[in-house]
Every structure is written in C-alpha cells, then in structure tokens.
Amino acid sequence: MPLTGGAWHAELAWLGPGRGVARRVLVEADGDRIAAVTADADPPPGAARLPGLTVPGLANGHSHAFHRALRGRTHRGRGDFWSWRERMYELAARLDPDRYLALAAATYAEMALAGVTAVGEFHYLHHDPAGRPYADPNRMGHALVEAAARAGVRLTLIDTCYLRAGLGGEPLAGPQVRFGDGDAAAWAERAGALRDTPTVRVAAGIHSVRAVDQAGMAVVAGWARDRDAPLHLHLSEQRAENQACLAATGRTPAALADAAGVLGHRTTAVHATHLTADDIARLGATGTTACLCPTTERDLADGIGPARALADAGSPLCLGSDSHAVVDLFEEARAVELDERLATGRRGHHRAEDLLAAATAAGMRALGWHAGRLEPGHLADLVTVTLDSPRLAGAAPADLVDHLVFAATASDVTHVTVGGNPVVEDGHHLLVGDVGAALARALAAVDA
Ligand SMILES: [Zn+2]
C-alpha cells in the first residue's frame, strides 16, 4: 500500500472521550501517521473535504471472515451455539485457499464500507481438509493477508492455536483436523514464519481452553510475550464450556487461563459472557481487554456479558462482528448498552463516547495498532459519516456522539481513509468497486 500523507478538512470531528466534537478540523498526515490536528482551521489548497462527522477508523476486534457465508442461512429453526457450529464446520470443510481469499477479500471490503479500517482475524483454518499442511504452511494465512490488501484495510492476523476437540484431550476429528498443528511447538514454528508489514500485524490466538491444554496455552502466551504481540482467546462464550472446564480442571476458564500466564494487558478475552465475580476481578486486575460481539452473541443465544462490571474492574472493552451476522460496528457499540438495559432493567450503563472509544482506540490497541484517536502519532485512519441520512438528519450539535452511537448504521459511512490512503469515497469502494457483486461471486464459489 503506498504511503501518501495528505490533508483532510472535516466539517466536524470527534476528538475523543471528554474532548467532544470540534468544527472545521484540519487533519494532516506525514506518511501513514497523523502529524497535526487543528480545529477551527481553514481548508488549505488540496485538502480533501469531509462533509459530516469524522471519527477515527473503526476496529473490528474479532472476525471469522468465512462465517460471512453463514449469513441468512443459519437463523431459522431451533438450536443453540453447538448446532450452529455443525453448519459452520460444513462450510469450513469446503474452503480452499482461492475460495478463502475471495470470500475474505469481499467480506473485508464490506467492513471497509462500514468504516472498519483494522480487522482482527481469528484464524485457525490452517491446513487442507485432510489436515495436511499446504506447500506453504501459511497458505491460508497469506490468503487473508492478500484479502486485506485487496480490501484496503489493516489486518491483525491472529494465528490461532487449536490442538484438541475437548477438555478431555479428545483428538481433532472430521472438519476440525485442518485446524490443528499437532502441538503448541509446531504451532509456534509455523506462526513464527509470518511477518509484520506496515498494514499487517501478526498476533497469537488460543482458540479456547477447550482446544488448548494448559501447557500449550503457556507456550502460546510466551510466544506472544517474546514478540510483544497481541494475544486473543475465546473465553466463556458458553455455559457448557464453563461446566466442562470446572469438571475437568476444577477451575473456570478465566482462572485456568490466568494460571497458564495468558491474561494481561496485551491479551483480549473474546466474548467473556459467563463470568464469575472472581473471573471479572482477574480480567480487570490483569488489564485484560474484553472483546464483546453482541450481534453474534444474540444470534447464537450465547447470553449477555457483564460489560459494565468488566469495565469497572479495569478491563478495556472493544467490539467485534465475529460471525458477521451483520457488519456494523455502530450496532455492536449500542448493543453493549442496550443489551445491558434489558438484562438489568436500568438505563445508562455506558456513555456513548465510551462505546465509540471501544469501537476505535480500545479496539486498535487490542489489535496492536497505534491508532484510534485523531491526534499526532496515531495512524491516519479516518471515517466520515454523513449527517444527511434519514437516520442522522437533524442531529443536534451537542448530541452528535449519542446520535451516532444510538442511531447510525454502516450505511451512513461515506468516506474511509486507511493510513492516509482513500479507500471509500462517497460510499464507493475505490479498490473493489461493487462490493455486493464481489460478495455474491465469492459466496457462489463457496457453494459450487
Ligand atoms: Zn470467534
């Protein structure tokens, strides 16, 4: 991706929690970083005009790109997470590197249109359907790198260790065999061949306490610590996982992960839905981020996580679209508050600007990017939302952030800049063109 630098003149821009929205904001970049942010500025010649409200690029903290092919196909009938997982496994078995690339590129392009400038891909589809490594053992990971480049978004490639089918040490079987590297040392060797670039950050993943034993978790955590890389894991998405973990180890998943050295300020616990008070205290005390994925958690009948309690305990909150039942970070943000209202019978758990910070700065930090604020030194990732849409028309200046978080949709995003490069202009993806057609082609290829 070329590094251009440049200047943008925003009609209105959100400057971060406690700093509010300023008018006539000039953002200047040097290379891919913001060099200066000046409010009440005149537009210099050549500055790109951004009408509407500009915010930092949105971070999608948790993605399984291929789940986009499940949208609309898994919502009917009864069942739960575990029956949904069978459908997901059938899909995973049909993916080869070319289909994976096309589907991920189109899905990431959908994200770009929604204002996502960085995506954390929780990647465990490593090997061929029989579990044999491709000639390039990172062929599938490299397909994701190429997909992100085509879509113009940053990628945090969370290469995920997945070694067993359950807490009893059951071996991977059927569609799961392509997830596994055999042991944690082999995972570390393969993942160690992946390289950071200006737009790709390599990170470590532990699929779950089900899929990686305690010794394996310690190896993955050490790998991440040695590289100062982010470390993500699914944690307590399901009550059944907690029950199985307690029965097998006498500990909750959070306590087990803590004992393996997994928790900490560079770690993100994805979902964190069914936690004890002790789990919440552990996550908070270690500074572990919680990545909430409310649209997926509601779609899969997972439950509502204790977001307020986690934040109070010290855990930063970030957001992910996970299964991509919808791709809309504004919907994820408001769902944190609105779901907690339903669970408690009370309003006002989270301020809109804190939810927007979860969608921006906290998510970027969880993905290993110095981004998410409009201030010098941060990556020049900008998202502009029109205030002319029926959803946002008439927004009062003093209420702009509340109006954005509680009423905007992905469709209101008009302009997206990633590292100083324009990716979306007037709602048009400059690299992919017709994103709907790209998705349709990619989805048809998966079915073929
Ligand atoms: Zn996930």
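At a glance:
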read-out	value
Qualifying residues in the range 196-219 (those that are touching a strand residue (DSSP E or B) at 6+ places or on another chain (Cβ under 7 Å) and more than 16 Å from the ligand (Cβ to nearest atom)) - the one farthest from residue 117 (Cα to Cα)	216
Sole residue being of a type in the set (Gly, Ala, Ser), within 16 Å of the ligand (Cβ to nearest atom) and either out of contact with any strand residue (DSSP E or B) (no Cβ under 7 Å at 6 or more places or on another chain) or modelled with pLDDT of 95 or more (or both), chosen from 284, 303, 264	303
Residues of the range 246-262 satisfying the condition of being open to solvent by 40 Å² or more (accessible area, probe 1.4 Å) and of a type outside the set (Ser, Thr, Tyr)	246, 247, 248, 250, 251, 258, 259
Residue in the range 233-245 that is at pLDDT 95 or above, surrounded by fewer than 19 Cβ atoms within 10 Å (Cβ to Cβ), more than 16 Å from the ligand (Cβ to nearest atom) and not hydrophobic (A, V, I, L, M, F, W, C) present	yes
Restricting the range 203-224 to residues that are open to solvent by 10 Å² or more (accessible area, probe 1.4 Å) and either touching a Lys or Arg at 6+ places or on another chain (Cβ under 8 Å) or hydroxyl-bearing (Ser, Thr, Tyr) (or both), the residue that is farthest from residue 244 (Cα to Cα)	213
Filtered residues of the range 264-299 (kept if hydrophobic (A, V, I, L, M, F, W, C) and surrounded by 24 or more Cβ atoms within 10 Å (Cβ to Cβ))	269, 270, 272, 275, 283, 290, 291, 292, 293
Count - residues of the range 263-296 that are outside any strand (DSSP E or B) and within 26 Å of residue 324 (Cβ to Cβ)	11
Selected residue (only one of 342, 319 is open to solvent by 40 Å² or more (accessible area, probe 1.4 Å) and either closer than 25 Å to residue 53 by Cβ or away from the ligand (no atom under 16 Å from the Cβ) (or both))	342
Count - residues of the range 74-126 that are within 21 Å of residue 363 (Cβ to Cβ), among the acidic types (Asp, Glu) and either in contact with a Ser or Thr (Cβ under 7 Å, 6 or more places away or on another chain) or within 16 Å of the ligand (Cβ to nearest atom) (or both)	1
Helices (runs of 4 or more DSSP H) fully within the range 75-163 counting 2 or more residues that are buried (at least 24 other Cβ atoms within 10 Å of the Cβ)	97-113, 139-151
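The values are calculated or read from the model by the stated rules, or taken from the named source; none is laboratory data. Given the structure is predicted, the values throughout are model-derived calculations rather than measurements. Neighbour counts are summed over all protein chains in view; Cβ atoms, including those assigned to glycine, are modelled from backbone coordinates with ideal geometry. For accessibility, only protein heavy atoms count, side chains too; no ligands or nucleic acids. Shrake-Rupley method; radii C 1.70, N 1.55, O 1.52, S 1.80 Å.
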